[in-house]
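Working notes for the structure below.
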Amino acid sequence: MPKLIAANWKMYKTLAEAETTARELAATLASRIPAGREVLVCPVFVHLPALARTLQGADIRLGAQDLYPAKEGAFTGEVAPRQLLDVGCTYALVGHSERRHVLGESDAFVAQKTAFGLGEGLQIILCIGETLDERRAGQLETVLARQITSAVARIPQDGAARLTIAYEPVWAIGTGEVATLEDIHAAHAVVRRLLAESLGEAGRSVRILYGGSVKPDNAGAILGLDNVDGVLVGGASLEASSFSKIVLA
Ligand code: PGA
């Protein structure tokens, strides 16, 4: 599996700005993406169709930041997986810490989204991670186990092949606070073990990304760790110059 270098643009950029960044990224990375690396950009929903056109021909995937777990229906304001696939998305994030902690999404709802999105054929990046209080209370493993077990218990049989986990300690997101390499190494080993316990052999090939203040100057070391199969980047993905340095790190 190639290492996945994913940009989460969150609720940033006008359409013109998003198109400019995507064009710069495509130009900077043209024929330079190292073998064994896959690049993904996740803008806001409303920019997806335009960015699918901008990125046509570039070796850069497009992803959504969320999905709603139903085929269609009376769900005002929501977007279904098949609508995402229809506009050129192949990936979707699910359970990002901002959705869990700012918008109050439960493990059960995140589990539903994970299973449904995989069933519809999307590649799902399931985000997990502990808060600072949970880490200080020694609950790292309990929290990761709860988040992983609840979500993977319901995935379709062939779903593991399209599942990626993003381990993002909540206290390291957007704070400039990076987990140490030891912290990342230890947490990813726990995630790998939990995946093997719940998915068996298939759990060994699920990619595990690290996220939380990844920057051009720490990406290389993080990507070199065991069980780190990519990174999910917020702040440092907003400029094509810094995100492409991470892709090439
Ligand atoms: P950050 O965000 O890189 O700005 O810490 C990461 C994320 O929220 O996915």
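None of the figures in this text is laboratory data; all of them are computed from the coordinates on show. The shown structure was predicted, so the numbers you read here are calculated from the model rather than taken from an experiment. Note that we place each Cβ from the backbone using ideal geometry, even for glycine, and neighbour counts take in every protein chain shown.
Points to keep in mind about this one:
- Between the listed residues SER106, GLY234, VAL247, the Cα displaced farthest toward the positive end of the dipole of the chain, a dipole computed from Cβ unit charges relative to the Cα centre, is found at VAL247.
- Annotation for segment 29-59 versus segment 86-128: alpha-carbon center distance of 20 Å.
- Backbone N atoms of segment 222-238 closer than 19 Å to the 7 Å Cα→Cβ label point of HIS185 belong to residues 222-231.
- FRET efficiency estimate (nearest 0.05) - Cβ-Cβ, HIS101 to ARG53, R0 25 angstrom: 0.15
- Charge sum, other residues only, whose C-beta stays under 12 Å from THR164's C-beta, Lys/Arg counted +1 and Asp/Glu -1: +2
- Volume per residue of the C-alpha convex hull in segment 97-148, rounded to whole Å³: 75 Å³
- Phi to ³J(HN,Hα) by Karplus 6.51 cos²θ - 1.76 cosθ + 1.60 over segment 64-81, Hz, x for Gly, Pro: 9, 8, 5, 7, 10, x, 7, 5, 5, x, 7, 10, 3, x, 9, 10, 8, x
- Computed lengthening from LEU248 to ALA30, 0.36 nm per intervening residue step minus Cα-Cα distance: 77.3 nm
- The alpha-carbon atoms of the chain define a convex hull whose volume equals 116 cubic angstrom per residue.
- Estimated from the Cβ-Cβ distance and a Förster radius of 25 angstrom, the FRET efficiency linking ARG146 and ARG82 is about 0.25.
- Among LEU122, LEU225, LEU209, residue whose mean-square fluctuation peaks in a GNM of the chain (springs only between Cα atoms under 10 Å): LEU225
- Mean Cα-pair separation over length for segment 67-240, i.e. relative contact order, pairs under 8 Å, 6 or more apart, %: 18 percent
- Options ILE184, ALA172, ALA202, ranked by Cα towards positive dipole end of the chain, top entry (Cβ charges): ALA202
- Among the trypsin sites (Lys or Arg not before Pro) in segment 33-86, those located in a DSSP loop and surrounded by at most 16 other Cβ atoms within 10 Å of their own Cβ are LYS71.
- Among ASP229, ASP183, ASP107, the largest mean-square fluctuation in a Gaussian network model of the chain (Cα springs under 10 Å) belongs to ASP183.
- Rounded to the nearest 20 debye, the dipole size of segment 1-75 about its Cα centre is 160 debye, using +1 on the Cβ of Lys and Arg and -1 on the Cβ of Asp and Glu.
- Simple point charges give the picture: +1 on the Cβ of Lys and Arg, -1 on the Cβ of Asp and Glu, and for segment 67-240 a dipole about the Cα centre of about 340 debye.
- Derived from the Cα gyration tensor, the three semi-axes of the equivalent ellipsoid of segment 170-249 are 24, 13, 11 Å, largest first.
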